[in-house]
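Here, each number is a calculation from the coordinates, and none is a lab measurement. Here the structure is a predicted model, which is why all the values come from computation and not from measurement. Glycine also receives a Cβ, built like all others from the backbone with ideal geometry; neighbour counts cover every protein chain displayed.
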Amino acid sequence: SLTNISPFALSGYFAGDFGCGFTQEFTISWPTGVDNLNESYSGITVYPNPASTQFTVAVDANTVKGVINLIDMTGRVVASQVANSEETIINTAALANGVYYVTYVADNAEVKLKSKLVIAK
């Protein structure tokens with residue numbers, strides 16, 4: 001579930017052609033963290049969440065080899081890194097704020113983790 005801080009309302013008038021237009025109102029709230037979608041393997045941890053410039057994927061000694069993918073909300077892989085040690089740090093400094101999916105795929109092609117990660121700078 002998402003947790004939010006200080007939601008606020010916005011309203012704006014959008015002008016169209018020939019003097020027509022409409023008013024749109026909406027509320028904005030900023031997520032401060034998300035729960036994992038499917039932590040199918042308890043030996044893998046993603047932290048910190050939310051992340052600002054980097055995040056760490058920590059795995060137990062029996063699940064060291066695999067690939068970590070960071071996927072944006074359009075389904076595009078924006079970062080991918082081979083995991084060869086118990087902790088792998090992924091730099092997110094060049095990525096935009098938002099919600100991303102983190103997947104960890106073991107060498108045997110079994111997906112061990114699907115998680116959401118918030119990047120907030």
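If you average the C-alpha positions of the range 99-118 and of the range 66-84 separately, how far apart do those two centres end up, in angstrom? Going from one Cα centre to the other spans 8 Å. From most to least packed by mean Cβ count within 10 Å, the peptides 74-80, 100-106, 12-18, 47-53 give 100-106, 47-53, 74-80, 12-18.
How much length is gained if the chain between Val99 and Asp17 is pulled fully straight, taking 0.36 nm per residue apart and subtracting their Cα-Cα distance, in nm to one decimal?
Values: separation 82, 0.36 × 82 = 29.52 nm, distance 3.57 nm.
Difference between extended and current length: 25.9 nm.
Just to check, using Stokes-Einstein with a Kirkwood Rh over alpha carbon pairs, what's the diffusion coefficient of the range 60-121 at 25 °C and 0.890 mPa s in µm²/s? Please list the in-between numbers first.
Working: Rh = 12.1 Å.
For these conditions, the coefficient is 202 µm²/s.
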